[in-house]
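**Student:** Here's a structure for you.
Computed from the coordinates by the stated procedures, all read-outs in this text should not be read as laboratory data. Only a predicted model underlies this, so the values are computations on that prediction, with no experimental measurement involved. Reconstructed Cβ throughout: ideal geometry from the backbone, glycine too, with neighbour counts over all protein chains shown.
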């Protein structure tokens, strides 16, 4: 009798103990980055009145989630709901973003908080801080949603000279993985947020620093890209318009001074991606592409070459280096010659760093990220 | 101080001097052109035509240089100055507007890799561009 009672007691205890242990594992896995005690992102996604967050909640059927990401053993695969964005080939898959966020990057991050009056306050966390906001599955979903929304808005967007934009998701993924690993809160004096924006990029994309223009509003060379987004009939651009429609009024957004404009979850992530991808397009078409077309019209028709040169433009010597390489490497038109040029470009500092960080992600993601 | 430590500091110093010389060498590869740029920047009667001739001359040197390291230095120098040249070349007979000058100035500054070149190009832009 006693033996039977013990057996029954043991059986009745197994389930609660198992659930308790599973909850511990889930708790441990809950955050890709940050502390489980800091649920700022979850609160924003549940309660924010920001247009983009509301749209995210409505279009993805967002419900507060609990538990982990199932991102263990080198496999970050999770069930991903399709977001019904146009042009599935133009998407960065959620698994890839998740794997990037698992990369360890020790950088200062900004935790933004909006007051009821709409002003920003923020806490600055050091690279070693253990109390940054938790990047759980819902935060990854939102990052995935906003990133692909911006990409979809850019696909087919008119540039100048009669060209329309085509974003290669692998190129963009490698750039964002290299810049911030999709942690949109990262900020230091050399760059801010998801795309690690610089002052130059912000001036080109919006308005020039008023200290240069004696206070007069002068649009930058890439401002037409924001204007084209505002005028676009692409439904994917609709949710982005409220983010940038008042940017001209800001005069000059210095990414060094008003960090939450570039790093907040509500609008900073989207604004940062719009400006970063916009600046990439600006460099690609208006600076590097324009020169490549002039010097080597046949090479200009090779989109991979143009993307590689544009990525070089993000390296330590900037676009000057990319332009110099157009001249010093020579740009023959045969495919064998261009293949040699591409191999040479891949030895440039920024591209080597990008490749090494892509390898890091490959190790983390296993086979779950189809871009790798 | 131990011998190993002394050796380490000697190597570090040697490496630092070698690096400084290497940077200096690269700068010297375009020293004559920079000197010419400085002369243009100091001229009060500089014309658009003269400026465009100088930019075209550097462009040609960038194309014709056969020594790789010299070509890299020359072409890099060309791209530090070319935006302010392109601005006037594209405007042709008409002068660019003040806004166009300001816009090209930002792009030109972002393409600069040398602070002194940037300052000289800015001085030339101020001379040739319309006042606000």
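**Student:** Quick check: Cα centre of the stretch A:138-161 to Cα centre of the stretch A:281-345, how many Å?
**Tutor:** For the stretch A:138-161 versus the stretch A:281-345, the Cα centre distance is 25 Å.
**Student:** Please report the equivalent ellipsoid semi-axes of the stretch A:97-141, computed as sqrt(5 x eigenvalue) of the Cα gyration tensor, largest first, in whole Å.
**Tutor:** For the stretch A:97-141, the ellipsoid semi-axes come out as 22, 15, 7 Å.
**Student:** Just want the ordering: A:265, A:159, B:74, from fewest to most Cβ atoms lying within 10 Å of their own Cβ.
**Tutor:** In order of increasing Cβ crowding within 10 Å: A:159, B:74, A:265.
**Student:** What does the structure give for A:315-323 when I average, per residue, the other chain Cβ atoms found within 10 Å of the residue Cβ?
**Tutor:** Neighbouring Cβ atoms belonging to other protein chains average 4 per residue here.
**Student:** Using Cβ contacts closer than 10 Å as the measure, can you line up A:254, A:281 from fewest to most?
**Tutor:** A:254, A:281
**Student:** If the convex hull of the alpha-carbon atoms of the stretch B:30-128 is projected onto planes in all directions, what is the mean projected area in square nanometres?
**Tutor:** With every direction weighted equally, the projected area is 5.9 nm².
**Student:** If R₀ is 41 angstrom, what is the calculated FRET efficiency for the pair residue A:63 and residue A:339, using the beta carbon separation as r and rounding to 0.05?
**Tutor:** Given R0 = 41 Å and the Cβ-Cβ separation, E is 0.25.
**Student:** Nearest 0.05, what FRET efficiency do residue A:362 and residue A:189 give at R0 = 30 Å with Cβ-Cβ as r?
**Tutor:** 0.50
**Student:** So, one more: What's the center-to-center distance, using Cα atoms, between the stretch B:21-95 and the stretch A:174-250 in Å?
**Tutor:** Their Cα centres are 31 Å away from one another.
**Student:** In nm, to one decimal, how far is the residue A:121 label point from the residue A:43 one, both placed 7 Å along Cα→Cβ?
**Tutor:** Calculated label separation equals 1.1 nm.
**Student:** Calculate the spin-label point distance for residue B:123 paired with residue A:168, positioning each point 7 Å from the Cα along the beta-carbon direction, and give it in nanometres.
**Tutor:** Taking the simple label geometry, residue A:168 and residue B:123 are separated by 4.3 nm.
**Student:** Take peptide A:209-219, look around each residue's Cβ out to 10 angstrom, count Cβ atoms belonging to other protein chains, and average those counts.
**Tutor:** 3
**Student:** Using Cβ contacts closer than 10 Å as the measure, can you line up A:182, A:280, A:62 from fewest to most?
**Tutor:** Ranked by crowding around the Cβ, least crowded first: A:62, A:280, A:182.
**Student:** Using the alpha carbons of the stretch A:87-177, what is the convex hull volume per residue in cubic angstrom, as a whole number?
**Tutor:** Taking the convex hull of the Cα positions in the stretch A:87-177, it is 151 Å³ per residue.
**Student:** Then there is this: Return an integer: the convex hull volume of the alpha-carbon atoms of the stretch A:296-362, in Å³ per residue.
**Tutor:** Enclosed volume per residue, from the Cα hull, is 82 Å³.
**Student:** So for the stretch A:235-367, considering every pair of alpha-carbon atoms, how many percent are separated by more than 25 Å?
**Tutor:** In whole percent, the share of Cα-Cα pairs in the stretch A:235-367 beyond 25 Å is 43.
**Student:** Is the shape of the stretch A:203-249 best called rounded, prolate or oblate, per the rule: a/c under 1.5 gives rounded, else a/b larger than b/c gives prolate, else oblate, with a ≥ b ≥ c the square roots of the Cα gyration tensor eigenvalues?
**Tutor:** prolate
**Student:** Counting only other chains, what is the mean number of Cβ atoms within 10 angstrom of the Cβ of each residue in peptide B:75-81?
**Tutor:** Average per residue, whole number: 5.
**Student:** Distance in nm between label sites at residue B:44 and residue B:115, each 7 Å beyond Cα in the beta-carbon direction?
**Tutor:** 2.9 nm
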